[in-house]
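Student: Input: one structure, supplied below.
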Amino acid sequence: TNLVEPSNADFPSGDPRMYQLDVTLRRGQNLAARDRGGTSDPYVKFKLGGKEVFRSKTIHKNLNPVWEEKACILIDNPREPLYIKVFDYDFGLQDDFIGSAFLDLTSLELNRQTDVTLSLKDSHYPDHDLGSILLSVLLTPREEQREVVISNILIRVITLVIVLWSGNLWHRVYSPSSCVLMTLFCVSSNQNHETFQTQSLRLSDLHRKSQLWRGIVSITLIEGRELKAMDANGLSDPYVKFRLGHQKYKSKIMPKTLNPQWREQFDFHLYEERGGIIDITVWDKDAGKRDDFIGRCQVDLSNLSKEHTHKLEMPLEEGEGCLVLLVTLTASAAVTISDLSLNSLEDQKEREEILKRYSLMAMFHNMKDVGFLQVKVIRAEALMAADVTGKDSFSKSDPFCVVELNNDRLLTHTVYKNLNPEWNKVFTFNIKDIHSVLEVTVYDEDRDRSADFLGKVAIPLLSIQNGEQKAYVLKNKQLTGPTKGVIYLEIDVIFNAVKASIRTLMPKEQKYIEEENRLSKQLLVRNFIRTKRCIMVLINAAYYISSCFDWDSPPRSLAAFLLFLFVVWNFELYMIPLALLLLLAWNYFLIISGKDNRQHDTVVEDMLEDEEEEDDRDDKDSEKKGFMNRLYAIQEVCVSVQNILDEVASFGERIKNTFNWTVPFLSCLAIVALFVFTIILYFIPLRYIVLVWGINKFTKKLRNPYAIDNNELLDFLSRVPSDVQLMQYHELKQDPSHSPSKRKKTNPG
């Protein structure tokens, strides 16, 4: 319900103008309680055209929250209402719906600040009083848009005049009627241009190269001091949540401490020139019930100078203690979107600058900038039809493409009502880790609900062949099998091998947005089988050694006995990395000689298909809160067991895949490291090596008090793909006879 006067503003249906809606979310009044304690943790979403354009912060345990948050929204169709939805935040569970309302923009008077009160409603409970939301809104026309329209009309008039003049036709068509026709032609063509431009508002101006964000905010969470005790034992299990706009990060949990040491580093993108505000909340982890709120604080980036590291000690509001952070604002990475005619690598001067930036001469300059990635998203063919319209059930889709590299996420424009869209866009990224995976996902845009998934491909950067246009068969959400359609990409990767090698031994960047782990019977069985297979390798090796002791095969036992005497009598510590080095060399010899012993893991593939079918069933029931939510504690324990099995199995598979030359770059790096270790252990006594190692460990915190702890060997293994990841990254072959369709387990073969 809008408590505003009817407007005298006129919005013609063919109006090409853009409007700007400035909304101030003031407060809520008498909101419905959704938690057991008779309260709620409300937050608000604004949606326009089925897309979320704003999300407020969460106000905890309050039915009369005060937000005072501002949002600036561009409007291309003022006849489309702004939907306001209010939810109750539930950690670990599906958020509860409180109510919704809509704001009729045509009821607003232009250039006038208006206070609006919206009563919340729920279609399932139309008679319930769910509270209200208070807003202040200001709708203004974008005057610069009008100037662009006029300038475009003038350009088209001049262009047409030149064409007519060059054809020596001016004297034949110069009449009042011809002038009217010329004007109509220009206005009509300009409206078509504006319509196409509106479809591409998610990008920058067409036919221009655009910078997507203005800087990088590098944050290091050091420690917490004297936090509030939330558990009965006088301690807490604290973790921290960060939010900058829509970007989020969650730290690891530090059990049973009031002075946690995190030492975690991550980056946010900075989209506003004046900075922004980072919301920080501290929580106590509680198994089986809602996590306890410890405190909050905010970092105003507009008060921090750029290109300088700031040490901040932030006292917690609504709680006790403080957090210690390191915050650095740096210039933007080269992440851009442009048309095919403006890609960087085809400009010879720009290409030479990029090659120079990542040459061996610049190996020690800006160690975080490992390489350059350019992705050309050209077109897709034979996509799945997601929309059924018309009397004859005419099926189409409105596809757009999302390109992701770690936490960098860019979008193309939407091509409406087309199963064979052409985007012809060029995306460029800075590479921080050469072992990252490029993910390209195609969605169908829906104005009334969230976008529908059409297909996805995952491409490891080290598997890319530069400058080759390839057709990639789209896969399902789990990347375990094909779905309908192919996408044509052309990708180029330029990187510094020395920087990439050093970066391999550093902690891997974590994604801000990851799906919550949930209990899955098939996933639990799969991880158990994978762990069992790794353990069986050790058991089989023990049986093999035992058979040598039992002389089941005299020649084999004799050879093993002689080898045992030789190794024990002549053993030196350097022989350990030397043996691993010989194993890598032997497997490489088998591969190049055509005797590859690496087998396609059909067992993992079948288990992944079973998991996909279970996910499909879970998606249908995701809106029903049933047994799993009521037994949250049991679920959390089972998920933990499931994840531990996955980590153990992945660890064994990564070691195997290192020696199997699954990723040649990493295997070559292992050879170099093992060779160096062999030489060091051969020439330097062990006591000196242990002495240097101990001195380094004891003085590390003295030399760098805020150093982030890491294990180089584990960081190296984290870049090696497990068997499941190999299955997901495996490139499917396109079937020339027909478009690929989703393969079910019941299909023959």
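The values are calculated or read from the model by the stated rules, or taken from the named source; none is laboratory data. Computed from a predicted model, the values in this text were never measured in an experiment. In this analysis, Cβ positions are derived from the backbone assuming ideal geometry, glycine residues included, and neighbour counts consider all displayed protein chains. The protein model used for the area step is the full one, side chains on, heavy atoms only, and it has no ligands, DNA or RNA in it. Shrake-Rupley method; radii C 1.70, N 1.55, O 1.52, S 1.80 Å.
Student: Please list, ordered by first then second residue, the pairs with beta carbon atoms under 8 Å, 6 or more apart or interchain, first in segment 401-412 and within 18 Å of SER218 (Cβ to Cβ) and outside the structural domain of TYR271 (by the TED database), second of a type in the set (Phe, Trp, Tyr) and open to solvent by less than 10 Å² (accessible area, probe 1.4 Å).
Tutor: LEU405/PHE429; ASP408/PHE429
Student: Let me ask another. Could you please find all residues in segment 462-508 being hydroxyl-bearing (Ser, Thr, Tyr) and open to solvent by 60 Å² or more (accessible area, probe 1.4 Å)?
Tutor: SER463
Student: Cβ contacts < 7 Å: first residue within 27 Å of LYS425 (Cα to Cα) and not assigned by the TED database to the domain that holds VAL457, restricted to segment 487-512; second residue part of a strand (DSSP E or B) and basic (Lys, Arg), any location; separation 6+ or different chain. Result?
Tutor: Listed by first residue and then by second, the contacts come to TYR512/LYS248.
Student: Only one of these conditions is not met by TRP661: (1) open to solvent by less than 90 Å² (accessible area, probe 1.4 Å); (2) at pLDDT 55 or above; (3) part of a helix (DSSP H, G or I). Which number is it?
Tutor: (3)
Student: Look at ILE684 and say whether it is farther than 21 Å from PRO460 by Cα, touching a residue at least 24 places away in the same chain (Cβ under 8 Å), among the β-branched types (Val, Ile, Thr) and surrounded by fewer than 17 Cβ atoms within 10 Å (Cβ to Cβ). Full working, then the answer.
Tutor: Details: farther than 21 Å from PRO460 by Cα: yes; touching a residue at least 24 places away in the same chain (Cβ under 8 Å): no; among the β-branched types (Val, Ile, Thr): yes; surrounded by fewer than 17 Cβ atoms within 10 Å (Cβ to Cβ): yes.
Answer is no for this residue.
Student: Further, regarding this structure: Could you list, ordered by first residue, the pairs with Cβ atoms under 7 Å in which the first is in segment 560-583 and under 28 Å from LEU669 (Cα atoms) and open to solvent by less than 90 Å² (accessible area, probe 1.4 Å) and the second is at pLDDT 80 or above and of a type in the set (Phe, Trp, Tyr), at least 6 apart or interchain?
Tutor: TYR574/TYR682; PRO577/PHE677; LEU581/PHE675; LEU583/PHE659
Student: So ASP284 passes all but one of these: (1) over 26 Å from ARG36 (Cβ atoms); (2) crowded, with 16+ Cβ neighbours inside 10 Å. Which condition number does it fail?
Tutor: (1)
Student: Is it true that some residue in segment 5-20 is crowded, with 20+ Cβ neighbours inside 10 Å and modelled with pLDDT of 90 or more?
Tutor: No, segment 5-20 contains no residue that is crowded, with 20+ Cβ neighbours inside 10 Å and modelled with pLDDT of 90 or more.
Per-residue answers, yes or no, for (1) aliphatic (A, V, I, L, M); (2) open to solvent by less than 70 Å² (accessible area, probe 1.4 Å); (3) at pLDDT 70 or above:
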| site | (1), (2), (3) |
| --- | --- |
| ASN704 | no, no, yes |
| ALA707 | yes, yes, yes |
| GLU712 | no, no, yes |
| MET727 | yes, yes, yes |
| SER741 | no, no, no |
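Student: Taking segment 525-543 as the search range and keeping residues that are touching a helix residue (DSSP H, G or I) at 6+ places or on another chain (Cβ under 6 Å) and open to solvent by less than 80 Å² (accessible area, probe 1.4 Å), which one is nearest to ARG556 (Cα to Cα)?
Tutor: Selected residue: CYS534.
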